[in-house]
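Take this structure, written in C-alpha cells, and hold onto it; I'll ask about it next.
Read-outs: derived from the displayed coordinates by stated rules, not from any lab. In this text, all values refer to a predicted model and were calculated from it rather than measured experimentally. All Cβ positions, glycine included, derive from the backbone under ideal geometry; neighbour counts span all protein chains shown.
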Amino acid sequence: MKVYLIDGTYELFRHYYALPSARDRDGREVGAVRGVVTSVLGMLKSGVTHIAVATDQVIESFRNSLWPGYKTGEGIEPDLLAQFPLLEEALAAAGIIVWPMVEFEADDALAAGAALAFPDERVEQVIICTPDKDLAQCVVGTRVVQLNRRTGVTCDEAGVVQKFGVRPASIPDYLALVGDSADGYPGLPGWGAKSSAAVLAKFGRLEAIPADCREWGVNAANAGTLASTLARERETALLFRTLATLRTDIPLFDDVDELRWRGPTTEFAKIGERLDGAITEKTRTTGRNREQSADNVQPSFTVKTKTAKG
C-alpha cells in the first residue's frame, strides 16, 4: 500500500489564490474549500486508498513561545482563515482522516504520520504531499518521499541531497544556519546556503562543527567569520534548530489501516450541496499573485463516490 499525507494548510492557501472566489447562499467564501475537496476526491478516484490531511486549526503553535518572531496568523486574509473549519468538516464528512493541529503544526502531524507509517512492512511508500522544505527532514531513501502536487515533482533522499546539499537528517541544522523566512526565524548572519551545505555535508550536526575553521577542510568563503559567528550565536542556532525540528511523537494512530478511506459519511451530501451551490465570482480582490491553476479541477460533488479498493 501507499500512504498519502497531505498538507491541508498549504492546499487551502494554494487553492485560495489559484481559484476564483465562490460564496455559498449565506455569502460565505468557500471557493478554496471546494477546490481542495475536489482535488482530494480526485486522488481517491485515481486509486489512492490510505490518506490523511493535516491542518493548522490555529496558525500559532508551541514554537511561538520559544521565538517571538515565529509565524502567526497575522496578515492572513479573513476569507481564507475562515475556511479552515469548513475544510476540516468537509474532509471528515468525505470520510477522510483529518488531523487539525492546535499545540503542534500541520507539518508536525505530517512528520509524525510518516514516522508511524514507515515501520509497517505493508507500506510500500509514504508520500508527504507538500513542497515545504521542513518536511525534507522526513525523507527516507525512496520509501518516504515528498510530492509537490502543484508541479508533480517527487523528491526522494537523493533529491534532498541534490537540492540542499545535505542529507535529510541535517535539514534542521541547515535551516538553523540559513533561516526560514516563511516560519519567521532569520538564521545566522553570513551563513548562506552554500557555506551551510558545505560544512554540514561533512559534519552533519551543529555540535560536530569544529570551532577552528582550519579543521573544516571545506571550501567556504569567509570561514573565519562564519566560525566566529557560530561560536557567538551557538545557543541561538540550537534554538533555531529546535524550531526547525518536526515533532514525530504525536500519537495520531495505532494502525495504518485507520487511514484507509472507506467512503463518504452521510453528512457529505449536505456539505457537497452547499459547495456545489456556491456562486463563483469572476475575480477576487487581493494584492498577492495567484497561481495559474490548482490541478485544473472543476468543482463538483454531485457524482457518487465509491469506496476505493486495495
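With Rg and the Kirkwood Rh both taken from Cα atoms, where does Rg over Rh land for segment 163-244? Could the numbers behind the result be given before it?
Details: Rg = 11.3 Å, Rh = 12.3 Å.
With Rh from the inverse mean 1/r over Cα pairs, Rg/Rh is 0.92.
Let me ask something else about it. As a check on your grasp of the helix formula, calculate [θ] at 222 nm for the chain: sum -39500 (n - 2.57) over DSSP H runs of n ≥ 4, divide by the residue count, round to the nearest 500. Write out the running numbers ahead of the final one.
Values: 11 runs with 109 residues, N = 310.
One gets -10500 deg cm²/dmol as the mean residue ellipticity at 222 nm.
If you average the alpha carbon positions of segment 74-122 and of segment 165-197, how far apart do those two centres end up, in angstrom?
About 26 Å separates the Cα centre of segment 74-122 from the one of segment 165-197.
Given a Förster radius of 30 Å and the C-beta distance between ASP276 and ALA82 as r, what FRET efficiency does 1/(1 + (r/R0)^6) yield to the nearest 0.05?
After rounding, the FRET efficiency stands at 0.95.
Given a cut-off of under 8 Å on Cα pairs at least six residues apart, what relative contact order in percent is computed for the chain?
On the way: 549 pairs, mean separation 84.1, N = 310.
Computed value for the chain: 27 percent relative contact order.
Suppose the chain between THR154 and THR72 were pulled fully straight at 0.36 nm per residue; how much longer would it get relative to their current alpha carbon spacing?
On the way: separation 82, 0.36 × 82 = 29.52 nm, distance 2.89 nm.
Extending this stretch completely gives an extra 26.6 nm.
Through the Karplus equation 6.51 cos²θ - 1.76 cosθ + 1.60, θ set to phi - 60°, convert the phi angles of segment 9-21 into ³J(HN,Hα) values in whole Hz; use x for Gly and Pro.
5, 4, 4, 5, 4, 4, 6, 4, 8, 9, 10, x, 5
Expressed as a rounded percentage, what relative contact order does segment 163-244 have, with Cα pairs under 8 Å and six or more residues apart?
Reported as a whole number, the value is 37 percent.
Still on this model: Nearest 20 debye, what's the magnitude of the dipole of segment 163-244 about its Cα centre given +1 on Lys and Arg Cβ and -1 on Asp and Glu Cβ?
Working: 9 positive and 8 negative charges, 50 e Å.
The calculated dipole for segment 163-244 is roughly 240 debye.
Under 5 Å between amide H atoms, partner at least 5 residues away or on a different chain: which partners does ALA82 have, H built in plane at 1.01 Å?
none
Over 20 Å between Cα atoms, which of LYS163/LYS202; LYS71/LYS202; LYS2/LYS270 qualify? Present the calculation step by step, with values, prior to reporting the outcome.
Values: LYS163/LYS202 16 Å; LYS71/LYS202 31 Å; LYS2/LYS270 30 Å.
Going by Cα-Cα distance, LYS71/LYS202; LYS2/LYS270 fall outside the 20 Å limit.
Through the Karplus equation 6.51 cos²θ - 1.76 cosθ + 1.60, θ set to phi - 60°, convert the phi angles of segment 259-265 into ³J(HN,Hα) values in whole Hz; use x for Gly and Pro.
Ordered by residue, 3J(HN,Hα) equals 8, 5, 7, 10, x, x, 7 Hz.
Give the average over all directions of the projected area of the C-alpha convex hull of the chain, one decimal, in nm². Don't jump to the answer; show the numbers that get you there.
Details: hull surface 66.8 nm².
Mean projected area of the Cα convex hull: 16.7 nm².
Further question: Restricting everything to alpha-carbon atoms, can you work out Rg to Rh for segment 1-127 with a Kirkwood hydrodynamic radius? Before the final figure, lay out each step's value.
On the way: Rg = 15.4 Å, Rh = 15.5 Å.
That ratio is 1.00, to two decimals.
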